[in-house]
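Undergrad: What follows is a structure written as structure tokens; I'll ask about it next.
All of the numbers you see were taken from the coordinates with simple rules; none came from a lab. This structure is a prediction, so every number in the text was calculated from the model and none was measured. Note that each Cβ is placed from the backbone with ideal geometry, even for glycine, and that neighbours are counted across all protein chains shown.
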Amino acid sequence: MAYKKPSQKFSGKIREVTIGSDLKLGGESTLPFYSFDGDTGAKPAIGMEIWDILPESWPQSLKNIFGEYAHDPVKWAKFCMEKCNPDFICIKLEGANPEGNDKSPDECAAVVKRLADEIPLPLVIAGCDSDEKNAKVFTKVAEAVPDKNYVFLSAVEANYKEIGAAAGMAYGNIVSAESSVDLNLAKQLNILITQLGVKPERMVMNPGCSAVGYGFEYVVTTMDRIRLAALDQNDATLQMPIISPVSFETWKAKESAATENDMPEWGNQEDRGIAMEVATAAGVLATGSNAVILRHPRSVEVIRNFIGELTA
């Protein structure tokens, strides 16, 4: 009797969401990279993070790579496109931080509008550490780039009404719902945003991320539970693609931030940062993330090869 390889079939499916004009996320009806069990949907996407201001807090090795380009977000984005060929660009509006440059919503909107006009790749637009300021900034930015299918990262419980109404409803963009590494919180926020009037096909999720070694096992188990609920239990409230801002977390970890003068026994600082970023990205991709945001060109190369090997 011939051997018949068993396969696991699920009743649920992750929605397919289009970012920009043609970058698709999601669409899978099986677990990540389980092509032997079913349709794995769109290939996971890789984005590169840039800032609207000079990233003085970044390690010197990163600043050396981007050099003079980091003084202008448009030049920086073009450099990333030419050297690394990412699927999308993530512009982090760090300059809006009230405890930093405190740039106005209009200033932030002007930066994103320039990028939209000169960069052909889809944009993921991230805010600063102030939920209150982000609500004002995202409203103005969404108005400046209507009907672009750009992702606004992220709407949280404190500001989802403003961001959902502006980005997801009034101006034709995509809302990312961010929760704090908890299935029930992720589900609750998704429900609140859809009840507001945002259509599920105009949503993605950021259920929380951390660097490896910093509660990362809780991140991956939460993502596992979210994906199994979406696929096995056919829970429509959790069937949105997941985007993970890996670089936001890994480059602030002490293993990446500590200089070689501070911790000579840890070895090369740049190598440590890349290792943290790559390990974290691989982990979240293996547990359900449909897109990751990275900083270092070497990390982009390694993760692209990782995805390629598992989707070949």
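Undergrad: Placing unit charges on C-beta atoms (Lys and Arg positive, Asp and Glu negative, everything else neutral), compute the dipole magnitude of the chain about its Cα centre in debye, rounded to 20. Kindly include the intermediate steps, with their values, before the conclusion.
TA: Details: 31 positive and 43 negative charges, 204 e Å.
The calculation lands at about 980 debye.
Undergrad: Return the percentage of antiparallel bridges among DSSP beta bridges fully within the chain, rounded to the nearest 5 %. Can you show the working numbers first?
TA: Values: 4 of 31 bridges.
Bridges in the chain that DSSP calls antiparallel: roughly 15 percent.
Undergrad: At a 10 Å Cβ-Cβ cut-off, how would you order R295, R202, fewest neighbours first?
TA: Values: R295 27, R202 22.
Exposure proxy ranking, most exposed first: R202, R295.
Undergrad: Would you please give the FRET efficiency between E118 and T311, computed as 1/(1 + (r/R0)^6) with r the Cβ-Cβ distance and R0 = 30 Å, to the nearest 0.05? Present the calculation step by step, with values, prior to reporting the outcome.
TA: Working: r = 31 Å, r/R0 = 1.03.
E between E118 and T311, to the nearest 0.05, is 0.45.
Undergrad: Per-residue counts of other Cβ atoms within 10 Å, averaged by peptide: what ranking do you get for 215-224, 1-10, highest first? All intermediate terms of the calculation are to be shown ahead of the outcome.
TA: Numbers: 215-224: 17.3, 1-10: 8.1.
Output ranking for 215-224, 1-10: 215-224, 1-10.
Undergrad: If you plug each phi of the range 257-273 into the Karplus form 6.51 cos²θ - 1.76 cosθ + 1.60 with θ = phi - 60°, what whole-Hz ³J(HN,Hα) values come out, in order, with x for Gly and Pro?
TA: 7, 5, 6, 5, 5, 6, 9, x, 6, 8, x, 4, 5, 5, 4, 5, x
Undergrad: Further question: Taking percent of Cα pairs over 28 Å apart straight from the coordinates, which label in (1) 36; (2) 46; (3) 42 is the correct one?
TA: Computing percent of Cα pairs over 28 Å apart and matching it to (1) 36; (2) 46; (3) 42 gives (1).
Undergrad: Looking at the chain as a GNM with Cα springs under 10 Å, which of P207, P297, P245 has the largest mean-square fluctuation?
TA: For the chain, modelled as a Gaussian network with Cα springs under 10 Å, the answer is P297.
Undergrad: In the chain, if the dipole is taken from +1 on Lys/Arg beta carbons and -1 on Asp/Glu beta carbons about the Cα centre, which of I242, L231, H296 is farthest to the positive end?
TA: L231
Undergrad: For a quick check, take a GNM of the chain with Cα springs below 10 Å and name the residue from L228, L153, L238 with the largest mean-square fluctuation.
TA: Residue with maximal mean-square fluctuation among L228, L153, L238: L228.
Undergrad: Whole Å is fine, so just give me how far the alpha carbon centre of the range 287-312 lies from that of the range 214-238.
TA: With the range 287-312 and the range 214-238 each reduced to a Cα centre, they are spaced 20 Å.
Undergrad: Follow-up. For the chain, set up a Gaussian network in which alpha carbons nearer than 10 Å are linked by springs, and say which option among K83, K252, K103 fluctuates the most.
TA: Of K83, K252, K103, the Gaussian network model singles out K83 as fluctuating most.
Undergrad: Where the centroid of each part is defined by its Cα atoms, how far is the range 1-27 from the range 75-107 in Å?
TA: 32 Å
Undergrad: Where does each of M203, M240 land when they are ranked from fewest to most other beta-carbon atoms within 10 angstrom? Mind showing how you got there, number by number?
TA: On the way: M203 24, M240 31.
Listing M203, M240 from fewest to most nearby Cβ atoms yields M203, M240.
Undergrad: Something else about it: Would you pull out the residues with amide H under 5 Å of K92's amide H, same chain only if 5 or more places away, H placed 1.01 Å from N?
TA: I50, W51, D52, A126
Undergrad: Ranking E49, E143, E265 by Cβ neighbours within 10 Å, fewest first, what do you get?
TA: Numbers: E49 24, E143 15, E265 5.
Lowest count first: E265, E143, E49.
Undergrad: Please compute the Kirkwood hydrodynamic radius over the range 1-121, one decimal place, Å, based on all pairs of different Cα atoms. Write out the running numbers ahead of the final one.
TA: Working: mean 1/r = 0.0579 Å⁻¹.
Its Kirkwood hydrodynamic radius stands at 17.3 Å.
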